[in-house]
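As structure tokens, the structure follows; a few thoughts come after it.
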Amino acid sequence: MLTGHISPPSAIAWGAPFGAAHDTHIDGSLAGSIRRTYFRELAAQWKRLDQASARAKGRNQSISRRSDTNKQLRERFQQLEKMVGPLIPCASAFVNANSRGAAFILGLLPDPIPAQPKADCQASLMAMTLLRPGGLLPLRVRVKVSGHAVDRVIQRARMVDLPVSDLDIQAINAEFADALPLACIAADILVELKETEGERAAEETQVLLPAPHGVFLGSWSPADQALIIRTFVDGAKLTAPQQQAVREISGWADGELSTQVLNTLTHGWMNVDVSGLKTRLLETWRHYGWRFDEQRLHPGLSDRAWAGTH
């Protein structure tokens, strides 16, 4: 029996209601400042996690201890959740598959933040995976999130209050809750596409990742050899065909996505067939992806219009 469900962060709240209708203007400079604060706090949380892991190992309570039973796996997962804290997780899941079990927590690890305030910065997707039978498997997934995409989430939410609170950080994470698990599978699709059709085919594939309040757009980055989530589009501005595309992808991602994500992260360890989902996603991206191309977006959707319409 397979059971599993991807959980977003528990808190989804901002200084003002998320997506509230008001006329607050968030320019790119302010959004970038908030994003840098968000990234700095995430980096500090990862450092605290390293310190907590070292202390646990010193007490013979290492999170890497082997799990042979479902009870042990749950205990390790609860320990990991406590050590990670509330600010790192963007999504998590626990899967019980009879002879095997697994759990994961997905979070964003910022790259070194440049000293120049206007310089771009991005974050890598990290997966902390626990296996039964087995132990901890920390992974750097071939997914990166651009600072620009985080800025768009902040602008969409009209977040203006500084300093950034814990609830603000959790709310930013929550917007990534649906997109990042699917991004794990998307990165695998693009790697396979690069190997079979060439890097240009992977680079030209527009990846659509639905989110609670819109959709993230991504593509293959030859420089990073990873899927990079480039920007975020407000769902309220999508046209009917674009909404149809997002609904279709959301439908493909329903069901046992947690098991499929784990199978992708562990290179088939969960013994689940993901090929059908990969085929459907690639076909949907190719069918609808052009509708989200920057050159074809109507003025309310394009990056050039954000400053004027918000």
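When you scan the range 95-120, how many residues do you find that are touching a Lys or Arg at 6+ places or on another chain (Cβ under 8 Å), surrounded by fewer than 20 Cβ atoms within 10 Å (Cβ to Cβ) and under 20 Å from ARG66 (Cα atoms)?
1
Considering only the range 57-116, state which residues are among the acidic types (Asp, Glu) and part of a loop (DSSP other than H, G, I, E, B).
We begin by selecting, within the range 57-116, every residue among the acidic types (Asp, Glu); these are 68, 75, 81, 111.
Those that are among the acidic types (Asp, Glu) and part of a loop (DSSP other than H, G, I, E, B): ASP68, ASP111.
Restricting to the range 160-190, what's the tally of residues that are more than 28 Å from TRP220 (Cβ to Cβ), hydrophobic (A, V, I, L, M, F, W, C) and either at pLDDT 90 or above or surrounded by 24 or more Cβ atoms within 10 Å (Cβ to Cβ) (or both)?
If we filter the range 160-190 for residues that are more than 28 Å from TRP220 (Cβ to Cβ), which is where we start, we get 160-171.
Then drop every residue that is not hydrophobic (A, V, I, L, M, F, W, C), which leaves 160, 162, 164, 167, 169, 171.
In the following step, the residues that additionally are either at pLDDT 90 or above or surrounded by 24 or more Cβ atoms within 10 Å (Cβ to Cβ) (or both) were identified as 167, 169, 171.
Qualifying residue count, the range 160-190: 3.
If ILE229 satisfies every condition in (1) in a helix (DSSP H, G or I); (2) crowded, with 20+ Cβ neighbours inside 10 Å but one, which is the exception?
It is condition (1) that ILE229 fails.
Would you call ALA174 among the small types (Gly, Ala, Ser) and within 21 Å of SER7 (Cα to Cα)?
Numbers: among the small types (Gly, Ala, Ser): yes; within 21 Å of SER7 (Cα to Cα): yes.
Yes: the conditions hold for ALA174.
Restricting the search to the range 202-225, which residues are touching a helix residue (DSSP H, G or I) at 6+ places or on another chain (Cβ under 7 Å) and farther than 20 Å from GLU283 by Cα?
PRO212, HIS213, GLY214, PRO222
Filter the range 195-227 down to the residues that are touching a Gly at 6+ places or on another chain (Cβ under 6 Å) and farther than 17 Å from TYR288 by Cβ, then identify the one that is modelled with the highest pLDDT.
LEU227
Within the range 1-59, take every residue that is hydroxyl-bearing (Ser, Thr, Tyr) and under 20 Å from ALA119 (Cβ atoms) and give me the one that is modelled with the lowest pLDDT.
Here is the first cut: in the range 1-59, the ones hydroxyl-bearing (Ser, Thr, Tyr) are 3, 7, 10, 24, 29, 33, 37-38, 53.
Still in the running and under 20 Å from ALA119 (Cβ atoms): 29, 33, 37-38.
Numbers: SER29: 82, SER33: 89, THR37: 92, TYR38: 94.
Among those that are hydroxyl-bearing (Ser, Thr, Tyr) and under 20 Å from ALA119 (Cβ atoms), it is SER29.
Filter the range 191-223 for residues that are without any contact (Cβ under 8 Å) to a residue 40 or more places away in the chain, part of a helix (DSSP H, G or I), surrounded by fewer than 21 Cβ atoms within 10 Å (Cβ to Cβ) and not basic (Lys, Arg) and give the result.
Matches in the range 191-223: GLU195, THR196, GLU197, GLU199, ALA201, GLU203.
Restricting to the range 290-306, what's the tally of residues that are surrounded by fewer than 18 Cβ atoms within 10 Å (Cβ to Cβ) and either in a helix (DSSP H, G or I) or modelled with pLDDT of 90 or more (or both)? Full working, then the answer.
If we filter the range 290-306 for residues that are surrounded by fewer than 18 Cβ atoms within 10 Å (Cβ to Cβ), which is where we start, we get 290-291, 293-296, 298-300, 302-305.
The next check asks that each one be either in a helix (DSSP H, G or I) or modelled with pLDDT of 90 or more (or both); those that pass are 290-291, 303-305.
The number of residues fulfilling the criteria is 5.
The values are calculated or read from the model by the stated rules, or taken from the named source; none is laboratory data. Nothing here was measured: the structure is a model prediction, and the numbers come from that model. Quick reminder, even Gly has a Cβ in these numbers, built from the backbone with ideal geometry, and neighbours come from all protein chains shown.
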